[in-house]
Amino acid sequence: MNSRLLSVLLLLLLGVLGPWGQGQDPPGPLEDLPEEPPGEKVPKEEGVLVLNGSTLNRALQEHPALLVEFYAPWCGHCQALAPEYSKAATLLAAESAPVTLAKVDGPAELELMKEFGVTEYPTLKFFRDGNHTHSEEYTGPREAESIAEWLRRRVGPSATHLKDEESTQELIDAQDVVVIGFFQDLQDEDVATFLALARDALDMTFGLTDQPQLFQKFGLTKDTVVLFKKFDEGRADFPVDEEIGLDLGNLSRFLVTHSMQLVTEFNQKTSPKIYAARILNHLLLFVNQTMAPHRLLLASFREAAPPFRGQVLFVVVDVAVNNDHVLQYFGLKAEEAPTMRLINIETTRKYAPTDGGPISSASVAAFCHSVFSGEVKPYLLSQEVPPDWDQRPVKILVSKNFEQVAFDETKNVFVKFYAPWCSHCKEMAPAWQALAEKYRDHEDIVIAELDATANELEAFAVHGFPTLKYFPAGPGRKVIEYKSARDLETFSKFLDTGGELPVEESTEKPETPFLEPPANSTLGPKEEL
């Protein structure tokens, strides 16, 4: 008996040839056995893998570094992210970076949503080495270069290892802001803290060194993180505490504070850094930069700033460009410039100068000190009560009639707090109008709205738009915040059940007003499932 036949007989006896052991004949020579069917080919759209429940596991195995976006086709935030996400994939592919971008249609793959704990769109998760259970959520900016840089710092070094003066000076000269960690021992745990921060501080360039000649060149005798910048004082040092080591939170605050110019002009590019600065007091100078006398004030404003670094963020708002929503937030008109306002973003209290004198470095400093000493009291925005405030289905509330209407013990009052520029508010306006029409004959139900950019309340502050609050009839000044779907049917269910929230439904997060730090100040809004 030849060896080939013997092999077949042994396999038959052991039953490893499947149905053959059930009395069926083998299908011919061994070399003709059917191969395992090939796996499903994973499609790509503009450089991004399109995954589903049957291909995600294989993608995790095949790609050691995988960023997956869980999205919904109907989600506006996902639609805005899509071109930037594809561009990031193209950038990384051109560099042959060892990282892959993918996406999953969440509503079509509910089991995956449950498996990975996805509760809102878009959600981006970064997976390493096929590990399902320890992914890292991406919370960086939603633009291509930031996504690509975030990934580069995870699959490569987050800081350049500097070994000589030439390479160090080249790094410092290459960017406006460069952070270098000077550590005598690169194996110290403080280095790990420094590199962890460098992975996420995408708007700064990082280096590190242990070279004694570099310590000497920059006048250092102990471990220090140095921020080099091409503006203001040019350099800021953060010595490492010899007892407690390098504190991540303190270092992060130091870098954010000192990487900003003493005076920052408010615009779309700088607003995320203004929100992230963690400085509670913001002093705003409103000027029209098309006018020479206004531009001359900038020097005095800047001159007053240095003593307040870390305590007050100095911001210039140009009323000649599209900053209308900022003006509205402070109750100002463009023609009132030049003027100043100070806001504490934790309490949202606003302050205005009381002397009405010219703006100079001395008057700027005096205004700040008078606010901190309590000499200047905060002001509340308020409009006059419209004569026809209650003549339409949706009642118009302002600061001056809010208490009387909302806390009327004989009425159930449902109030929309909105901003005229808020896109979410505009989208829900037809449903709110329809709700008022539907309940206009119910004497105990009032549907109302209040422009929260022009009217502020002592009872509470409004932190996002739209905010919906229900004030049920009866004593006790009870308030229920509505956080469910913004459509006529759900609103009606809510009213008909006396303020019971439908727990199975949800909605997108509200837009935040000017200088109110967003819940996710980098990645931005998401839509919940």
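The values are calculated or read from the model by the stated rules, or taken from the named source; none is laboratory data. What you see is a predicted model, and the numbers here were worked out from it, not measured in a lab. Heads up, the Cβs are rebuilt from the backbone with ideal geometry, glycines too, and the neighbour counts pull from every protein chain shown. Side chains included, ligands, DNA and RNA excluded: accessible areas come from the protein's heavy atoms. Shrake-Rupley method; radii C 1.70, N 1.55, O 1.52, S 1.80 Å.
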Taking Cα atoms, the helix 189-200 axis meets the longest principal axis of the chain at an angle in degrees (rounded to 10) of 80 degrees
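Arrange the peptides 359-369, 201-211 so that the one whose residues have, on average, the most other Cβ atoms within 10 Å appears first. Each step should come with its number before you reach the end.
Details: 359-369: 17.7, 201-211: 19.4.
Highest mean packing first, the order is 201-211, 359-369.
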Checked the chain with the C-alpha gyration tensor, a ≥ b ≥ c its square-rooted eigenvalues, rounded below a/c of 1.5, otherwise prolate if a/b is larger than b/c and oblate if not; verdict oblate
In degrees, nearest 10, the alpha-carbon axis of helix 76-94 is tilted away from the dominant principal axis of the alpha carbons of the chain by 50 degrees
Per residue, accessible area of the stretch 253-326 with a 1.4 Å probe, heavy atoms of protein chains only, in Å², comes to 44 Å²
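Give the accessible surface of the stretch 44-155 per residue, rounded to a whole number of Å², with probe radius 1.4 Å and ligands, DNA and RNA excluded. Write down the numbers at each step before the final one.
Working: 5020 Å² over 112 residues.
Normalised by residue count, the accessible surface of the stretch 44-155 is 45 Å².
Which entries in the list K163/K217; K114/K469; K269/K469; K163/K229 go over 23 Å, if you measure between the two C-alpha atoms of each? Walk me through the intermediate numbers first.
Working: K163/K217 13 Å; K114/K469 31 Å; K269/K469 33 Å; K163/K229 21 Å.
Pairs exceeding 23 Å: K114/K469; K269/K469.
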Expressed as a percent, the accessible surface of the chain that is carbon or sulfur, using a 1.4 Å probe and the full set of protein chains, is 51 percent
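Is there a pair in K395/K493; K350/K411; K377/K416; K125/K230; K87/K426; K87/K273 whose C-alpha atoms are over 26 Å apart, and which pairs would that be? Don't jump to the answer; show the numbers that get you there.
Working: K395/K493 21 Å; K350/K411 32 Å; K377/K416 28 Å; K125/K230 35 Å; K87/K426 31 Å; K87/K273 24 Å.
Where the Cα-Cα span goes over 26 Å, the pairs concerned are K350/K411; K377/K416; K125/K230; K87/K426.
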Given unit charges at Cβ for Lys, Arg (+) and Asp, Glu (-), the dipole magnitude of the chain about its Cα centre in debye, nearest 20, is 980 debye
In degrees, nearest 10, the alpha-carbon axis of helix 144-155 is tilted away from the dominant principal axis of the alpha carbons of the chain by 50 degrees
By the C-alpha gyration tensor axes a ≥ b ≥ c (rounded if a/c is under 1.5, else prolate when a/b exceeds b/c, else oblate), the shape of the stretch 263-373 is rounded
Scanning the chain, every Cys lacking a C-beta partner under 4.7 angstrom -> C368
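Can you compute the charge dipole magnitude of the stretch 207-295 about its Cα centre, using +1 on each Lys and Arg Cβ and -1 on each Asp and Glu Cβ, nothing else charged? Give it in debye, rounded to the nearest 20.
560 debye
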Calc'd 3J(HN,Hα), the stretch 239-244, phi into Karplus 6.51 cos²θ - 1.76 cosθ + 1.60 (θ = phi - 60°), Hz, glycine/Pro = x, comes to x, 6, 5, 5, 8, 9
Helix-only [θ] at 222 nm, the chain, -39500 (n - 2.57) per DSSP H run of 4+, per residue, nearest 500, equals -9500 deg cm²/dmol
per DSSP, antiparallel bridges as share of beta bridges in the chain, % nearest 5, sits at 55 percent
Computed about the Cα centre, the charge dipole of the stretch 160-258 from +1 Lys/Arg and -1 Asp/Glu charges at the Cβ has a magnitude in debye, to the nearest 20, of 260 debye
Quick tally, 1.4 Å probe accessible area for R142, R154, R235, sorted with the most first, runs R235, R142, R154
Each label sits 7 Å from Cα toward the beta-carbon; between L280 and A454 the label points are separated, in nm, by 3.2 nm
Within the stretch 160-258, the percent of DSSP beta bridges that are antiparallel, given to the nearest 5, stands at 65 percent
Descending packing, highest mean Cβ count within 10 Å first, for 258-268, 67-77 is 67-77, 258-268
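Could the peptides 243-251, 299-307 be put in order, highest first, of the mean number of other beta-carbon atoms found within 10 Å of their residues?
Details: 243-251: 12.8, 299-307: 16.6.
For the peptides 243-251, 299-307, the packing ranking is 299-307, 243-251.
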Expressed per residue, the solvent accessible area of the stretch 395-497 in Å² (1.4 Å probe) is about 45 Å²
